[in-house]
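K.L.:
Structure below; questions to follow.
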Amino acid sequence: MSKRVLMNGNEAVAEGAIRGGCDCYFGYPITPQNELTAYMAMHMPRHGRVFVQAESEVAAINMVYGAAGAGVRAMTSSSSPGVSLKQEGLSYIAGAELPMVIVNVQRGGPGLGNIDPSQGDYFQAVKGGGHGDYRLIVLAPDSVQEMHDFTADAFDLADRYRNPVMILADGRLGQMMEPLILRTREPERVEKPWALTGARGREKNIIRSYFSVDGVLEKRNEALQTKYRRIADAETRVDPYLMDDAELMLVAYGTCARLAKAVARDCRAAGIRAGVLRPVSLWPYPTEALRSYLDRVKNILVVEMSAGQMVEDVRLAVEGAVPVHFHGRMGGGVPTTADIRAKADEITGRAR
Amino acid sequence: MTTTTEKPVFTRPQTLTDRPMAYCPGCGHGIVQTLMAGIIDELGIREKTVGVAPVGCAVETYNYFNIDMSEAAHGRVPAVATGIKRARPDLVVFGYQGDGDLASIGLAEIMHAANRGENYTTIFINNTVYGMTGGQMAPTTLAHQKTQTTPLGRDPETTGHPMRMSEIIATLDSPCLVARCAADTIPNIRKTRALLLKAFQYQLAGQGFSFIEILCTCPTHWHLSPKDSMDYIGRVLTPIFPCKTFRDRGAGHEG
Ligand SMILES: Cc1ncc(C[n+]2csc(CCOP(=O)(O)OP(=O)(O)O)c2C)c(N)n1
């Protein structure tokens, strides 16, 4: 029997990384993800693995770039302001096609903002963030169990596609405690013939994203886009909840998905046929899954801890077929189930 | 037939590829990289050496070295080198950086890699300008030196004085070897070679961070001929950037 333990989300990520075969962790302190870095400081050396407290998030992401280039499983974690600093590094990592894992335990912004939960970094995570045409695979857990599992999975995904993978969480998921079952599955190990291991008995390997010769960079970009299409075909993840007969579709991820599920149950008790479509992969976005419900669904309500970021992807998917409504809070505010329910009543003409 | 008695006095290091270097005539990068290749050959470490190339004129250094190499974002060579060496301590790792890269945008990374005593070798090319982008002011630019962004000469009142990186690095306790030398005259190039060799040997012995600063010519942006550039190093640069060893823990020292 697998063991159930009690952990907070940040620790669950850290233990997930260790069980996912993370060889090197590089981090810099920032709330609300400090338990993650602290856990790694304590446990990585115990497993004979590498922990370095970097001098900045910029250094941390470039240490990850170096370690990933040397063929090991590498990871960094931070929260919003720190993740902003890592964007240059992520662009280089995507350009050089290095597998790595980054965790963003989002907090309120813009600027220094606050340390309360937020989903204000959605655009940054799924639309690029750094310069150039690239994509991160972005996974959005909504429980401590998923914080753990997705992190472990992320290393396999990263290696499979030679692509950076982001776990997009928020301060609430990072801080809350829940029981979870620790992963026992062995990590998938893939050969990395491209890695920097010393040019012994083979041609030299070069980790690079600079291609100054005419046309080469365009070809590289085309190859990247082909890879991204392959990822989109194989790795889109979605979690439908009470969706079979739903007329009101709530769309939410992470913390907001938990709230949306509670609201959907509540709505059903009041005779409103509500369901939740929870995107689990934010990139690739579950556009097709979302579209597949449009013949029955009469209204869509998107709930986010932002001014409305993911709602743009919902609108792109829906293409005007169904009205798309939005409820969000910003700056560390978390929507209440009562407010979401009131919005649902308003949309469905049940306003009390 | 004299062929049987002829002895080769120079062969191309195995660590160098056949690619002609794309540096300007008289540029110091080529001298240093040829020295490094010879040392890697001499130590027999070509197959376990990994280099980190900077953003700058030396960005495509990996075209010239026949070894595994990584690019790094501008200034981040020390962080990338740290990542590689921590991931695979069995590799020999060097970071190659210009003065804009190391002393300006990457100042935090070099200071902290040095302070952690990361067991890799830094080769720091001080040519007192940003070469690749067209000869702008670097932190090492001399007072009153004309550059693209100091068209009237560097004004120390508003832009500061040249930063002496070896002296700054030598304030830290961790580095095992910190030295400045010059790639100008034959004796100086020999000294440079000896220092580079020592730096790699120290790394192989696990002695930690070594820092070799090399004064190098940039005829293009100094607006001098290659020959005058060589003279300029001894005449103008070395009085401000003295060539000396600031730290040498000596062989046999652990960590
Ligand atoms: C983040 C970033 N900023 C600026 C640049 C433009 N850039 C390319 S090389 C360079 C300066 C390089 O000068 P130095 O390090 O002295 O090396 P050199 O070219 O003289 O060998 C700059 C500013 C860049 N590539 N990336």
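K.L.:
I'm checking my understanding of the structure. Among residues of the stretch B:20-49 that are within 13 Å of the chain's Cα centre (by Cα) and polar (S, T, N, Q), which one is farthest from the ligand (Cβ to nearest atom)?
P.N.:
B:Thr34
K.L.:
Just checking, how many residues over the stretch B:141-175 are buried (at least 20 other Cβ atoms within 10 Å of the Cβ) and in a helix (DSSP H, G or I)?
P.N.:
3
K.L.:
Out of the stretch A:48-85, which residues are within 16 Å of the ligand (Cβ to nearest atom) and within 11 Å of another protein chain (Cβ to nearest Cβ)? Can you show your working first?
P.N.:
Step one: filter the stretch A:48-85 for residues within 16 Å of the ligand (Cβ to nearest atom), giving A:56-59, A:61-62, A:65, A:84-85.
A:Ser56, A:Glu57, A:Val58, A:Ala59, A:Ile61, A:Asn62, A:Tyr65, listed by residue number.
K.L.:
Still on this structure: Condition first: more than 13 Å from the chain's Cα centre (by Cα) and in contact (Cβ under 8 Å) with a residue 24 or more places away in the chain. Can you find one or more residues in the stretch A:135-142 that meet it? Talk me through it step by step, then tell me what you get.
P.N.:
To start, the set of residues in the stretch A:135-142 that are more than 13 Å from the chain's Cα centre (by Cα) comprises none.
The answer is no; no qualifying residue exists.
K.L.:
Moving on to the next point. How about the stretch A:199-228: which of its residues are among the hydrophobic types (A, V, I, L, M, F, W, C) and within 14 Å of chain B (Cβ to nearest Cβ)?
P.N.:
First, pick out the residues of the stretch A:199-228 that are among the hydrophobic types (A, V, I, L, M, F, W, C): A:199, A:206-207, A:211, A:213, A:216-217, A:223-224.
A:Ala199, A:Ile206, A:Ile207, A:Phe211, A:Val213, A:Val216, A:Leu217 - these are the residues of the stretch A:199-228 that are among the hydrophobic types (A, V, I, L, M, F, W, C) and within 14 Å of chain B (Cβ to nearest Cβ).
K.L.:
Next question. Give the residues of the stretch B:218-235 that are charged (D, E, K, R) and more than 20 Å from the chain's Cα centre (by Cα), sorted by residue number. Break it down into steps so the answer makes sense when it comes.
P.N.:
So the first thing to find is which residues in the stretch B:218-235 are charged (D, E, K, R), and the list is B:227-228, B:231, B:235.
Correct list: B:Lys227, B:Asp228, B:Arg235.
K.L.:
Let me ask something else. Starting from the stretch A:330-352, take each residue that is within 14 Å of A:Ala270 (Cα to Cα) and list its partners that are in a loop (DSSP other than H, G, I, E, B) and open to solvent by less than 50 Å² (accessible area, probe 1.4 Å), counting only C-beta distances under 7 angstrom and pairs at least six apart or across chains.
P.N.:
A:Ala344/A:Ile272; A:Thr348/A:Ile272; A:Arg350/A:Ile272
K.L.:
Sticking with this structure for a sec: When the stretch A:145-173 is examined, which residues are found to be farther than 19 Å from A:Arg183 by Cα and open to solvent by 10 Å² or more (accessible area, probe 1.4 Å)?
P.N.:
A:Arg160, A:Tyr161, A:Arg162, A:Arg172
K.L.:
Can you tell me which residue among B:Phe65, B:Phe10 is aromatic (Phe, Trp, Tyr) and buried (at least 24 other Cβ atoms within 10 Å of the Cβ)?
P.N.:
Working: B:Phe10 fails: buried (at least 24 other Cβ atoms within 10 Å of the Cβ).
Sole residue among the options that is aromatic (Phe, Trp, Tyr) and buried (at least 24 other Cβ atoms within 10 Å of the Cβ): B:Phe65.
K.L.:
A further question on this structure: Of everything in the stretch A:27-66, what is in a loop (DSSP other than H, G, I, E, B) and open to solvent by 40 Å² or more (accessible area, probe 1.4 Å)? Give them in sequence order. Can you show your working first?
P.N.:
Taking the stretch A:27-66 first, the residues in a loop (DSSP other than H, G, I, E, B) are A:28-33, A:47-49, A:54-56.
Correct list: A:Tyr28, A:Pro29, A:Thr31, A:His47, A:Gly48, A:Arg49.
K.L.:
If I ask for residues that are within 17 Å of B:Leu177 (Cβ to Cβ) and under 15 Å from the mean Cα position of the chain (by Cα), which ones from the stretch B:83-113 would you list? It would help to see each step written out before you state the result.
P.N.:
As a first pass, look at the stretch B:83-113 and keep what is within 17 Å of B:Leu177 (Cβ to Cβ): B:85, B:92-97, B:102, B:110-111, B:113.
Across the stretch B:83-113, the qualifying residues are B:Val93, B:Phe94, B:Gly95, B:Tyr96, B:Gln97, B:Leu102, B:Ile110.
K.L.:
Across the stretch B:115-140, what is the total count of residues that are open to solvent by less than 10 Å² (accessible area, probe 1.4 Å) and either within 8 Å of the ligand (Cβ to nearest atom) or within 15 Å of the chain's Cα centre (by Cα) (or both)?
P.N.:
Going through the stretch B:115-140 one residue at a time, the tally reaches 11.
K.L.:
Do we find that A:Ile181 is within 27 Å of A:Arg19 (Cα to Cα), touching a Phe, Trp or Tyr at 6+ places or on another chain (Cβ under 6 Å) and either of a type in the set (Lys, Arg) or away from every other protein chain (no Cβ under 14 Å) (or both) in this structure?
P.N.:
Numbers: within 27 Å of A:Arg19 (Cα to Cα): yes; touching a Phe, Trp or Tyr at 6+ places or on another chain (Cβ under 6 Å): no; either of a type in the set (Lys, Arg) or away from every other protein chain (no Cβ under 14 Å) (or both): yes.
So A:Ile181 does not fit the description; no.
K.L.:
Any residue in the stretch B:9-25 that is away from chain A (no Cβ under 14 Å) and either under 30 Å from A:Gly48 (Cβ atoms) or among the β-branched types (Val, Ile, Thr) (or both)?
P.N.:
Among the residues of the stretch B:9-25, at least one is away from chain A (no Cβ under 14 Å) and either under 30 Å from A:Gly48 (Cβ atoms) or among the β-branched types (Val, Ile, Thr) (or both), which makes the answer yes.
K.L.:
Going through the stretch A:86-108 one residue at a time, which ones are closer than 14 Å to A:Arg162 by Cα, within 12 Å of chain B (Cβ to nearest Cβ) and either open to solvent by less than 20 Å² (accessible area, probe 1.4 Å) or small (Gly, Ala, Ser) (or both)?
P.N.:
Across the stretch A:86-108, the qualifying residues are A:Leu90, A:Ser91, A:Ile93, A:Gly95, A:Ala96, A:Leu98, A:Met100.
K.L.:
Also, I was wondering about something else. Hey, among B:Gly208, B:Gly250, which residue is touching a Cys at 6+ places or on another chain (Cβ under 7 Å), at positive phi and open to solvent by less than 40 Å² (accessible area, probe 1.4 Å)?
P.N.:
Details: B:Gly250 fails: touching a Cys at 6+ places or on another chain (Cβ under 7 Å).
That would be B:Gly208, the only listed residue that is touching a Cys at 6+ places or on another chain (Cβ under 7 Å), at positive phi and open to solvent by less than 40 Å² (accessible area, probe 1.4 Å).
K.L.:
Scan B:Val52, B:Val59, B:Val80 and give me the residue that is of a type outside the set (Asp, Glu), surrounded by 23 or more Cβ atoms within 10 Å (Cβ to Cβ), under 18 Å from A:Asn62 (Cβ atoms) and within 15 Å of the chain's Cα centre (by Cα). Before the answer, list the steps.
P.N.:
On the way: B:Val59 fails: surrounded by 23 or more Cβ atoms within 10 Å (Cβ to Cβ); B:Val80 fails: within 15 Å of the chain's Cα centre (by Cα).
Only one candidate passes the filter, namely B:Val52.
K.L.:
So which residues in the stretch B:54-107 are in a helix (DSSP H, G or I), away from the ligand (no atom under 11 Å from the Cβ) and more than 10 Å from chain A (Cβ to nearest Cβ), if there are any at all?
P.N.:
First pass over the stretch B:54-107, keeping only residues in a helix (DSSP H, G or I): B:59-63, B:77-87, B:99-105, B:107.
From what is left, the residues that are away from the ligand (no atom under 11 Å from the Cβ) are B:60, B:62-63, B:78-87, B:107.
Matches in the stretch B:54-107: B:Leu107 only.
K.L.:
Could you tell me which residue of the stretch A:258-288 is nearest to A:Arg229 (Cα to Cα), considering only residues that are in a helix (DSSP H, G or I) and more than 23 Å from the chain's Cα centre (by Cα)?
P.N.:
A:Ala264
Residues checked against (1) under 19 Å from A:Leu294 (Cα atoms); (2) open to solvent by less than 30 Å² (accessible area, probe 1.4 Å):
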| position | (1), (2) |
| --- | --- |
| A:Gly198 | no, yes |
| A:Gly201 | no, no |
| A:Thr226 | no, no |
| A:Arg229 | no, no |
| A:Glu247 | yes, no |
| A:Val251 | yes, yes |
| A:Gly254 | no, yes |
| A:Ala260 | yes, yes |
| A:Ala264 | yes, yes |
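K.L.:
Filter the stretch B:197-213 down to residues that are in contact with a strand residue (DSSP E or B) (Cβ under 6 Å, 6 or more places away or on another chain) and not aromatic (Phe, Trp, Tyr) and give me whichever is nearest to B:Leu172 (Cα to Cα).
P.N.:
B:Ser210
The values are calculated or read from the model by the stated rules, or taken from the named source; none is laboratory data. All figures in this text were calculated on a predicted structure; none of them were measured in a lab. Heads up, the Cβs are rebuilt from the backbone with ideal geometry, glycines too, and the neighbour counts pull from every protein chain shown. Ligands, DNA and RNA are excluded from the accessible area calculation, which covers all protein heavy atoms including side chains. Shrake-Rupley method; radii C 1.70, N 1.55, O 1.52, S 1.80 Å.
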